[in-house]
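Asks: Starting off with a structure, shown below.
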Amino acid sequence: MAQHDYINRKPKNNNGGKKPAPRKPFPALLAATALVLVAGFAYGLWYIKHNAEPEKISPAATPVKEEPAKLQKPVIKPFLEEIKEHEIKVEVKEIESKGPYQMQCGSFRTHAQAEEMKAKMAFAGLIAEIRRTEGSNGVWYRVRLGPYETKRKAESDKNKLKRIKIMGCAIWGWT
């Protein structure tokens, strides 16, 4: 099969491709309507201006000269003086502390896993301890923080641990 050169070939009888779009006729009816509306509006304004009744103005009475008001010192009312000297008594109830708190962030079967968790907590600036406990189901190594005087301080450290992606810490009373 012979190769054809389509790039250098010129189209047959195709006078440049597109035909020019037919011209639309001037919208004479629309232009005439707009002209009539503008002329009617102008005539309406002229009619209102020249045929409106002038307002009836009543003759002004002789102007009375007013003296500028003198500034007076504010009068301190008696209740304001009472408020200044009044004393408010509030009863302050002491909140009972429920005791020191501790936070446990993990319980592992091996000491190495517990040490790894303790190291992650050290990077957050928290000092943890590992406690070995023996139960009916074997030996567990618990990673704990505390004691905390208030639960708020424990919650603060819990949020620090959440920022470094250590989740699941529980806050309990100190035992």
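The values are calculated or read from the model by the stated rules, or taken from the named source; none is laboratory data. This is a predicted model, so every value here is computed, not measured. With ideal geometry, Cβ positions are generated from the backbone for all residues, glycine too; neighbour counts draw on all protein chains shown. Side chains are part of the model used for accessible areas, which takes the heavy atoms of the whole protein and leaves out ligands, DNA and RNA. Shrake-Rupley method; radii C 1.70, N 1.55, O 1.52, S 1.80 Å.
Asks: For residue 115, only one of the following conditions fails: (1) closer than 30 Å to residue 162 by Cα; (2) at pLDDT 95 or above; (3) open to solvent by 100 Å² or more (accessible area, probe 1.4 Å). What is its number?
Replies: All conditions pass for residue 115, except number (3).
Asks: So which residues in region 164-175 are of a type outside the set (A, V, I, L, M), open to solvent by 100 Å² or more (accessible area, probe 1.4 Å) and either free of Cβ contacts under 8 Å to residues at least 40 places away in the same chain or assigned to a loop (DSSP other than H, G, I, E, B) (or both)?
Replies: Answer for region 164-175, where residues must be of a type outside the set (A, V, I, L, M), open to solvent by 100 Å² or more (accessible area, probe 1.4 Å) and either free of Cβ contacts under 8 Å to residues at least 40 places away in the same chain or assigned to a loop (DSSP other than H, G, I, E, B) (or both): 165, 175.
Asks: Given the criteria outside any loop (DSSP other than H, G, I, E, B) and at pLDDT below 75, does residue 45 qualify?
Replies: Details: outside any loop (DSSP other than H, G, I, E, B): yes; at pLDDT below 75: no.
No, not satisfied.
Asks: Filter the strands (runs of 3 or more DSSP E) completely within region 65-163 down to those with at least 3 residues that are under 43 Å from the mean Cα position of the chain (by Cα), touching a residue at least 40 places away in the same chain (Cβ under 8 Å) and under 20 Å from residue 173 (Cα atoms).
Replies: Numbers: elements: 101-108, 129-135, 138-148.
Ranges flagged: 101-108, 138-148.
Asks: Within region 141-163, track down each residue that is surrounded by fewer than 16 Cβ atoms within 10 Å (Cβ to Cβ) and either closer than 20 Å to residue 112 by Cα or among the small types (Gly, Ala, Ser) (or both).
Replies: 156
Asks: Can you tell me how many residues within region 95-112 are under 19 Å from residue 161 (Cα atoms) and open to solvent by 40 Å² or more (accessible area, probe 1.4 Å)? Quick ask: steps written out before the conclusion?
Replies: Just the residues of region 95-112 that are under 19 Å from residue 161 (Cα atoms), to begin with: 101-108.
Now drop any that are not open to solvent by 40 Å² or more (accessible area, probe 1.4 Å), which leaves 107-108.
So the count comes out to 2.
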